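Following: one structure in structure tokens, then a few remarks.
The values are calculated or read from the model by the stated rules, or taken from the named source; none is laboratory data. Nothing here was measured: the structure is a model prediction, and the numbers come from that model. When we count neighbours, we look across all protein chains shown, and the Cβ atoms used for this are built from the backbone with ideal geometry, even at glycine. These accessible areas exclude ligands, DNA and RNA; they are computed on the full protein's heavy atoms, side chains included. Shrake-Rupley method; radii C 1.70, N 1.55, O 1.52, S 1.80 Å.
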Amino acid sequence: QVQLVESGGGLVQPGGSLRLSCAASGGIFSLYTMGWYRQALGKLRELVASIQRGGNTNYVDSVKGRFTISRDNAKKTVYLQMNSLKPEDTAVYYCNAYTPGWDYWGQGTQVTVSS
């Protein structure tokens, strides 16, 4: 069983930055593909970025060049650095840990981009 706790969300002006963190407990963190998803009001949840065990990363086109996902296996933490934020980035952001047969979610953290 893996527990995930997100932090770092909040209100930021357009063009600003935030860094989300997701701390994991339980399980073997290094074995999981870690991902950040988001769900805006009235929309489906979408994958924003993921990072595999070996460090390979993947991003949705709308955040490429602005967001960076990273992981620290020693700290059992995954990060999402978000720069040049836009109002359309407003959503609840969820941390995910995945390995075949197992899929875990955090409770989510709200990110609001508004002037």
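Figures for the structure shown
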item: Heavy-atom surface of the chain, accessible at 1.4 Å and reported per residue (Å²); result: 53
item: Choice from SER50, SER21, SER62 with maximal GNM fluctuation in the chain (Cα, 10 Å cutoff); result: SER62
item: Debye log10 I(q)/I(0) at q = 0.14, 0.17, 0.23 Å⁻¹ for the stretch 7-115, Cα point scatterers; result: -0.50, -0.74, -1.31
item: Efficiency of FRET between THR112 and ASN56 - r from beta-carbon atoms, R0 35 angstrom, step 0.05; result: 0.70
item: GLN39-SER70 pseudo-label distance in nm [points 7 Å out on the Cα-to-Cβ vector]; result: 3.0
item: Cα centroid of the stretch 68-96 to Cα centroid of the stretch 1-67, whole Å; result: 4
item: Full-extension gain in nm, GLN81 to SER30, via 0.36 nm per residue minus C-alpha separation; result: 16.4 nm
item: Equivalent-ellipsoid semi-axes of the stretch 50-91, from the Cα gyration tensor, Å, largest first; result: 22, 12, 7
item: Solvent accessible area, Å² - TYR98, 1.4 Å probe, full protein context; result: 100
item: Solvent-accessible ranking of LEU44, LEU31, largest area first, probe 1.4 Å; result: LEU44, LEU31
item: Dipole in debye (nearest 20) - the stretch 29-75, about Cα centre, beta carbon charges: Lys, Arg +1; Asp, Glu -1; result: 80
item: All lysines inside 18 Å of LYS76 as judged from Cα atoms, apart from same-chain residues fewer than 8 positions distant; result: none
item: Rounded to the nearest 10 Å², the accessible area of THR33 at probe 1.4 Å; result: 40
item: MET34 accessible area, assembled protein chains, probe 1.4 Å, Å²; result: 0
